[in-house]
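The values are calculated or read from the model by the stated rules, or taken from the named source; none is laboratory data. Keep in mind that this is a model prediction, so the values were computed, not measured. Using ideal geometry, Cβ is built from the backbone for each residue, glycine included, and neighbour counts are taken over all protein chains shown. The protein model used for the area step is the full one, side chains on, heavy atoms only, and it has no ligands, DNA or RNA in it. Shrake-Rupley method; radii C 1.70, N 1.55, O 1.52, S 1.80 Å.
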Amino acid sequence: MAEKWTSFEIRDKFIQFFEKNGHTHVPSSSLIPTNDKTLLFTNAGMNQFKDVFLGHAVLPYKRAVSSQKCVRAGGKHNDLDMVGKTPRHHTFFEMLGNFSFGDYFKREAITFAWTFLTEELCIPKEKLYVSVYKDDDEAYDIWKDEMHVPAEKIVRLGEKDNFWSMGDTGPCGPCSEIFVDRGEELSCGHPQCGIGVCDCDRWTEIWNLVFMQYNRDENGVLTPLPRPSIDTGMGLERITMFLQGVHSNYDTDLLYPIIQYIEKMTGKTYDDGKEGFPFRVIADHIRSCTFLISDGVVPSNEGRGYVLRRILRRAVRFGQVLGFEEPFFYKIVDEVVRLMGDFFPDLKIKQDYVKNVIQNEEERFFMTLNEGLRKAEEILGELKAENKTVISGKDAFLLYDTFGFPMDLTEDLAEERGFTVDKAGFEKAMEEQKTRAKEARKAKNNTDYVSEEELKDLPETKFVGYDTLEEQGKVLLSGEEFVITDVTPFYGESGGQVGDTGCIENNNGTFEVKDTKKSPDGKFIHVGSFIKGSFLTGDIVSLTVDKERRKATARNHSVTHILHKALKETLGEHVNQAGSLVEAERLRFDFNHYQRITEEELLTIENRVNEMIFSDLPVCLSISTVEDAVKEGAMALFGEKYGQEVRVITMGDYSKELCGGTHVKSTGEIGLFKILSEGSVGAGLRRIEATTGYQVLALLRENDKIISTLSEKLKARPESIVDKVDALQDKVKETERELSKIEAKMASKQAEEIEIVKIQDIEAVAKQVNVPDMEALRNTADMIRDKISSGIVILGAENNGKVNFVVSVTKDLAGKVLHAGNIIKEVAKVAGGGGGGRPDMAQAGAKDPSKIEQALQKGLELVKEKIEG
């Protein structure tokens, strides 16, 4: 065996070996699965070939090799809780794999694997063991008779360990796993220690060969596939661990440099025992966070974004254990990029963006972390006092909802102190919150014009609105507020584009369509009201879309594609659409970006979009598969579910996106593009609102009208308006300064004219004064208070029918003898108001100016009561 392989060399050698054996090197797909809502994250090398294995897609090659980035955190495949506790569990890892799509099968797959391990990597054959499915005699014989593996080193295992299925139905088959014996010193000591008996560190599975040879139907019946296929997977971290002769994945050159980086940051030394647990968690988590954010995931409270937030916040919490008291996690991105950026160049391109996203999330979490930890300590303290050991679901949800603690963070805290968490109670509280939110949304925007029961037996509506805005259709169902037909030219709200409006009519009635909805199963619901008559089921009707409104909507939809590309060009490739609303009057476009956009950047974006409009690029439609379209450079929205065939909208050589919306024929039809506003709508999310076409013209006319009016009122030419306003502002500021001087003199004069009432040794002033506002009233009170040695000032003033009061108490009496806040409450109450404040200063408002003198006298009475007791 070679002295020491680097992980880069192992990965490179794997790919080169299979390329030499007729395999096409396919780059790693995104961690966000394309067109597959069954997966939260890409978690195996075969994910990107799923449709090929299912027979839904055909590739130009039959053999493939890849090094696939994978994440297992959240959902069915979740290793998060085990990270750092074992030598080999990770949230992020690389899966080396070779694949055959109906080409070679067991003999070749086994031969390739054995040859690579024993000849290319020079692993001694005596170190290798294999397992096969209990009934797979073919694989057993190949290993024994052709690879010459001794029978005692071949283990037959059952379906749980050695039979792989893509799902409850579909492609499946036996598998064969290859293990390395890492030595007796790592044995668990069990008398029968061995593969299939224990899971100790002596036996490490490094490669799984899956032989997809059956199709399983709904009844569980296995039918041989006409073209059996091969799917294999070898974890890069595990094979590197073995070849580098270390006992843990964390000691390999994939992870240990990150641990050393953390050592330098903390000044602490890592050990591979319990004390090193926080180092291992942070080292693992920074890899998954870096790759997830680079692939377009951003922290949020739902789906993938929530899993990312959980991972990130867990790392930050263990950073506190190492002594970090301010954001630190984002700094480690540089080391990940140094280690991985050569093979995954996207990391270098998005390095600054990834750091910004992590830093922003860290800063937000640090704001609540300490307060949350104090609350957690309080909860644990109360439980300990009551001799209880379970954190209730209610308290766990409080930590999540109020302090941003993901469930696993609460579980970590509990485990460290010997407590557990009521997960079922937490899930119940979470579901209750979701139900409340769902009901609130439903109440706010109720679109249930027709029941699911009424809809379920109706056929899918045939949509012809891409080609025509008028069509004849048959009424399938109608009510006072809705009409459903078998065919429609009306676009149903989807993909951010609003539904069409227009008219449906025949001799029996006329229905005004105010909106069009689309159910998840493809039924179009025309929403509105009857202007006259009604329809019967089976009626033939004419459906006519509002042509001008559709055109305006199409302009705004087409420009979102151009805007998307312009944002990527100006701000960086990390920008991805996060939501949109396309109406006739305007468009709204949400996207990922963690920094404020400057005026210069906005101008660049706006100019670029208009440049593409003026270029009058042809807007072309083509039909493709998702895989082919993405390979040809089309942008697909993450999380969207696409069918077998997708519409690809191409605008010249500038923009290419998958889209089911309606569009212009050429970009010149958009006319003009104008950004109306830009701002933040959440952590890492920005929003641009804009408009096009005639709406821009209307905006220009409105602005012209405003400019003309200002020009007339200011008696200035349009180009001189700004200078004239600047001059007026300077004049106003000067006038305000003069007015302030006059008010100060008036306040000083009124302060000199005060009448002081002696109550024993206390000096008291209660007076109505003439001042313009509350600030002047406070200033007057300060002046009077400074003239008395020990006492209280109670002032009242009327301004435009409203009443203000101020009470000021000298420091020697404040809070000890007299309390300004308590006195002003009673004073203001007399004039129909209320207020409060500090012991030395308080203010209040009231409604009845006629009661000011009475209120001031009430103040003096309260002072006498306090002094004379």
**Verdict on residue 27 being under 23 Å from residue 244 (Cα atoms) and in a loop (DSSP other than H, G, I, E, B)** = no
**Item:** From 702, 712, 734, residue being assigned to a helix (DSSP H, G or I), free of Cβ contacts under 8 Å to residues at least 40 places away in the same chain and exposed (fewer than 10 other Cβ atoms within 10 Å of the Cβ)
**Value:** 712
**Asked** Of everything in region 581-601 that's assigned to a loop (DSSP other than H, G, I, E, B) and under 16 Å from residue 298 (Cβ atoms), which residue is least open to solvent (accessible area, probe 1.4 Å)?
**Response** 593
**Prompt:** Looking at region 601-619, which of the residues that are under 27 Å from the mean Cα position of the chain (by Cα) and of a type in the set (Asp, Glu) is farthest from residue 693 (Cα to Cα)?
**Reply:** 601
**Tally of residues being open to solvent by 40 Å² or more (accessible area, probe 1.4 Å) and in a loop (DSSP other than H, G, I, E, B) across region 301-343** = 7
**Message:** Restricting to region 602-627, name every residue that is open to solvent by less than 80 Å² (accessible area, probe 1.4 Å) and out of contact with any strand residue (DSSP E or B) (no Cβ under 9 Å at 6 or more places or on another chain).
**Reply:** 604, 608, 615, 627
**Asked** How many residues does region 37-55 contain that are open to solvent by 30 Å² or more (accessible area, probe 1.4 Å), part of a loop (DSSP other than H, G, I, E, B) and touching a Pro at 6+ places or on another chain (Cβ under 9 Å)?
**Response** 4
**Message:** With the structure loaded, tell me whether residue 347 is surrounded by 18 or more Cβ atoms within 10 Å (Cβ to Cβ), under 20 Å from residue 281 (Cβ atoms) and in contact with a Gly (Cβ under 7 Å, 6 or more places away or on another chain) or whether it fails that test.
**Reply:** no
**Request:** Quick one: which residue in 364, 417 is under 25 Å from the mean Cα position of the chain (by Cα), of a type in the set (Lys, Arg) and surrounded by fewer than 18 Cβ atoms within 10 Å (Cβ to Cβ)?
**Result:** 364
**Subset tally (residues that are touching a strand residue (DSSP E or B) at 6+ places or on another chain (Cβ under 9 Å), among the aliphatic types (A, V, I, L, M) and open to solvent by 20 Å² or more (accessible area, probe 1.4 Å)) for region 384-406** = 1
**Request:** List every residue pair whose Cβ atoms lie under 6 Å apart, where the two residues are 6 or more positions apart in sequence or sit on different chains, the first residue falls within region 785-799 and is more than 29 Å from residue 848 (Cβ to Cβ), and the second residue, located anywhere, is in a loop (DSSP other than H, G, I, E, B).
**Result:** 790/810; 790/812
**Request:** Could you identify the single residue in 543, 563 that is modelled with pLDDT of 95 or more, under 22 Å from residue 693 (Cβ atoms) and not β-branched (Val, Ile, Thr)?
**Result:** 563
**Enumeration of residues in region 564-584 that are in contact (Cβ under 8 Å) with a residue 40 or more places away in the chain, farther than 15 Å from residue 662 by Cα and over 21 Å from the mean Cα position of the chain (by Cα)** = 566
**Test result for residue 523, over 33 Å from the mean Cα position of the chain (by Cα) and among the charged types (D, E, K, R)** = no
**Asked** Within region 113-148, how many residues are buried (at least 16 other Cβ atoms within 10 Å of the Cβ) and not in a helix (DSSP H, G or I)?
**Response** 11
**Request:** Of the conditions (1) within 29 Å of residue 363 (Cβ to Cβ); (2) modelled with pLDDT of 95 or more, residue 593 clears all except one; give me its number.
**Result:** (2)
**Asked** Can you find even one residue in region 749-761 that is in contact with a Ser or Thr (Cβ under 8 Å, 6 or more places away or on another chain), acidic (Asp, Glu) and in contact (Cβ under 8 Å) with a residue 24 or more places away in the chain?
**Response** yes
**Item:** Evaluation of residue 279 against (1) touching a residue at least 24 places away in the same chain (Cβ under 8 Å); (2) open to solvent by less than 20 Å² (accessible area, probe 1.4 Å); (3) outside any loop (DSSP other than H, G, I, E, B); (4) closer than 18 Å to residue 365 by Cα (one fails), failing number
**Value:** (4)
**Request:** Look at residue 854 and say whether it is of a type outside the set (Asp, Glu), in a strand (DSSP E or B) and at pLDDT 90 or above.
**Result:** no
**Message:** If residue 694 satisfies all but one of (1) open to solvent by less than 50 Å² (accessible area, probe 1.4 Å); (2) part of a helix (DSSP H, G or I); (3) of a type in the set (Ser, Thr, Tyr), what's the number of the condition it fails?
**Reply:** (1)
**Item:** Condition check for residue 775: more than 30 Å from residue 810 (Cα to Cα) and open to solvent by 80 Å² or more (accessible area, probe 1.4 Å)
**Value:** no
**Message:** The conditions are (1) surrounded by fewer than 20 Cβ atoms within 10 Å (Cβ to Cβ); (2) aromatic (Phe, Trp, Tyr); (3) farther than 14 Å from residue 106 by Cβ, and residue 164 fails exactly one of them. Which is it?
**Reply:** (3)
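Each row is one residue, and each column tells you yes or no for (1) out of contact with any Leu (no Cβ under 7 Å at 6 or more places or on another chain); (2) surrounded by fewer than 18 Cβ atoms within 10 Å (Cβ to Cβ); (3) assigned to a helix (DSSP H, G or I).
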| site | (1), (2), (3) |
| --- | --- |
| 152 | yes, yes, yes |
| 156 | yes, yes, no |
| 177 | yes, no, no |
| 205 | yes, no, no |
| 210 | yes, no, no |
| 220 | yes, yes, no |
| 223 | yes, yes, no |
| 238 | yes, no, yes |
| 241 | yes, no, yes |
**Request:** Scan region 139-149 for residues that are free of Cβ contacts under 8 Å to residues at least 60 places away in the same chain and within 17 Å of residue 159 (Cβ to Cβ) and jot them down.
**Result:** 140
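Yes or no, residue by residue, for (1) over 13 Å from residue 863 (Cα atoms); (2) part of a strand (DSSP E or B):
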{"residue": "776", "(1), (2)": "yes, no"}
{"residue": "779", "(1), (2)": "yes, no"}
{"residue": "784", "(1), (2)": "yes, no"}
{"residue": "789", "(1), (2)": "yes, no"}
{"residue": "792", "(1), (2)": "no, yes"}
{"residue": "795", "(1), (2)": "yes, yes"}
{"residue": "804", "(1), (2)": "yes, yes"}
{"residue": "808", "(1), (2)": "no, yes"}
{"residue": "824", "(1), (2)": "no, no"}
**Item:** strands (runs of 3 or more DSSP E) within region 492-535 that include 1 or more residues open to solvent by 10 Å² or more (accessible area, probe 1.4 Å) and β-branched (Val, Ile, Thr)
**Value:** 509-518, 524-533
**Request:** Take region 815-833 and flag every residue that is farther than 17 Å from residue 852 by Cα and in contact with a Lys or Arg (Cβ under 8 Å, 6 or more places away or on another chain).
**Result:** 817, 818, 820, 821
